[in-house]
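The values are calculated or read from the model by the stated rules, or taken from the named source; none is laboratory data. Quantities reported herein were computed from a predicted structural model and do not represent experimental measurements. As a convention, Cβ positions derive from the backbone with ideal geometry for all residues, glycine included, and neighbour counts pool all protein chains shown.
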Amino acid sequence: MKTLLRFFFRLLYHQFAFTYDLVAATVSLGRWKDWVLSVLLFIQGARILEIGHGPGHLQRALLERNLLAFGLDESTQMGRLARYNLTRFLQSKIDKNDHVGYTQINLTRGVSQTLPFPAESFDTIVSTFPSEYIFDPKTLAEAQRVLTPNGRFIILPGATIMGRGVLDRAMALLFRVTGETPPHLAEMLQARTKRPFATAGFHVEFHEVEVGSSMVFILVATKPVG
């Protein structure tokens, strides 16, 4: 099952990237974008790097908040899709004479283990629903390098549906069966991340944010000062 899921997600993120929003909205019962945007509560500073930017929804939200946003993704297809979506968004703002502080689209193709940015470039790094690469010691070392002192590395590794409706229960069961949201997800995430983040020099906090009839789990790792 896990092998099949990895293959499916790879196709979804690459060859079938154009279907990503539809699939994400379907499996989350319309909650996906709200889950992604829940990380905005924890973002600090003005220079933000998103690892795994996907279709660009969080990039758009960052630009709307007048933040200097950068995005990095390994998928060429996602890079094209995000650039298209952001270009349309910015053009609509221009057409309506709406003010947007930053109009530069800063998307880069790359991987988290070798970030193409100078040291202490960002106040916050954020990644929503990433795969295993996000816990790679090389990723954590790179995050330490490019964050400013007291900077944050925010990760949204998972969410669970808690609604009592028939569809909510069915989708929650599907997520458990496929291993996407196993039982005791919060405890599992804490156990899995505590050691690697501590080894990388981060101070870690875990948060549970209720979004509609679902719960989003967010990890906030802070780079110490000095």
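Worth pointing out:
- Taking the range 71-108 as the range and being surrounded by 22 or more Cβ atoms within 10 Å (Cβ to Cβ) and not in a helix (DSSP H, G or I) as the test, the residues that pass are Gly71, Leu72, Asp73.
- Of the residues making up the range 117-134, just one is crowded, with 18+ Cβ neighbours inside 10 Å and in a helix (DSSP H, G or I), namely Ile134.
- So Ala119, is it more than 25 Å from Thr19 (Cα to Cα) and in contact with a helix residue (DSSP H, G or I) (Cβ under 6 Å, 6 or more places away or on another chain): yes
- Filter pass, Glu208 being modelled with pLDDT under 55 and among the acidic types (Asp, Glu): no
- Residue under evaluation Gly45, criteria (1) closer than 20 Å to Phe129 by Cα; (2) at pLDDT 95 or above, criterion not met: (1)
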